[in-house]
Amino acid sequence: MGLVNTMNIQILLNQHAHGHLVGSRMAAAPLREELEIALAQQGAEVVLDFSGITATQSFVDELVGVLVLRHGPDVLGRIIFKGCSDDVRAIIEFVAADRCDQFIKNHAH
């Protein structure tokens, strides 16, 4: 039995924050591109580290919601959300659920 070689790629969001906030869709777009490149690697999991920062719903939607719409809900299984405050976790859960519903409706036969 072979071992699956899983690679973890870390994206530290506090390096992209203004103070303690990551807020704009414009700021999230290049990070989403980085995330998509990382996820394209076979067996890669990406750790999004929210330690010490707050994120807006717009930022999370551009970063994660767009990925769900493009690649489907399964993409969430390859992203690890680390260091999230309760508020950030609630935003991620809301965006993920909303975009998963939208993806399913758009792809229903």
### Query
Taking the chain as a Gaussian network, where each spring joins two C-alpha atoms under 10 Å apart, which residue of 77, 65, 43 fluctuates the most?
77
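Using the count of nearby Cβ atoms within 10 Å as a rough guide to exposure, how do 9, 53, 37 rank from fewest to most?
Working: 9 16, 53 23, 37 12.
Taking fewest neighbouring Cβ atoms as first place, the list is 37, 9, 53.
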### Separation in nanometres of the label points that stand 7 Å from Cα toward Cβ, at residue 37 and residue 78
1.6 nm
### Query
Mind checking which of 74, 49, 61 has the largest fluctuation in a GNM of the chain, springs on alpha carbons under 10 Å?
74
### Message
On a full-extension model of 0.36 nm per residue, what is the gain between residue 29 and residue 71, subtracting their alpha-carbon distance, rounded to one decimal in nm?
### Response
13.5 nm
#### Entry: Approximate spin-label separation residue 93-residue 10, in nm, with each point projected 7 Å along Cα-to-Cβ
2.7 nm
### Message
What are the ³J(HN,Hα) couplings of the stretch 14-25, residue after residue, when phi is run through the Karplus curve with 6.51, -1.76, 1.60 and θ = phi - 60°? Round to Hz, x for glycine and proline.
### Response
5, 6, 10, 8, 9, x, 10, 10, 10, x, 9, 4
### Query
If you compute semi-axes √(5λ) of the Cα gyration tensor in Å for the structure shown, which of (1) 37, 13, 9; (2) 22, 19, 12; (3) 39, 14, 10 do you land on?
(2)
### Task
Select from 67, 12, 35 the residue whose mean-square fluctuation is largest in a Gaussian network model of the chain (Cα-Cα springs shorter than 10 Å).
12
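Laboratory data are not the source of any read-out in this text; all were calculated from the coordinates shown. Only a predicted model underlies this, so the values are computations on that prediction, with no experimental measurement involved. Because the Cβ atoms are built from the backbone with ideal geometry, glycine has one as well, and the counts that use them run over all protein chains shown.
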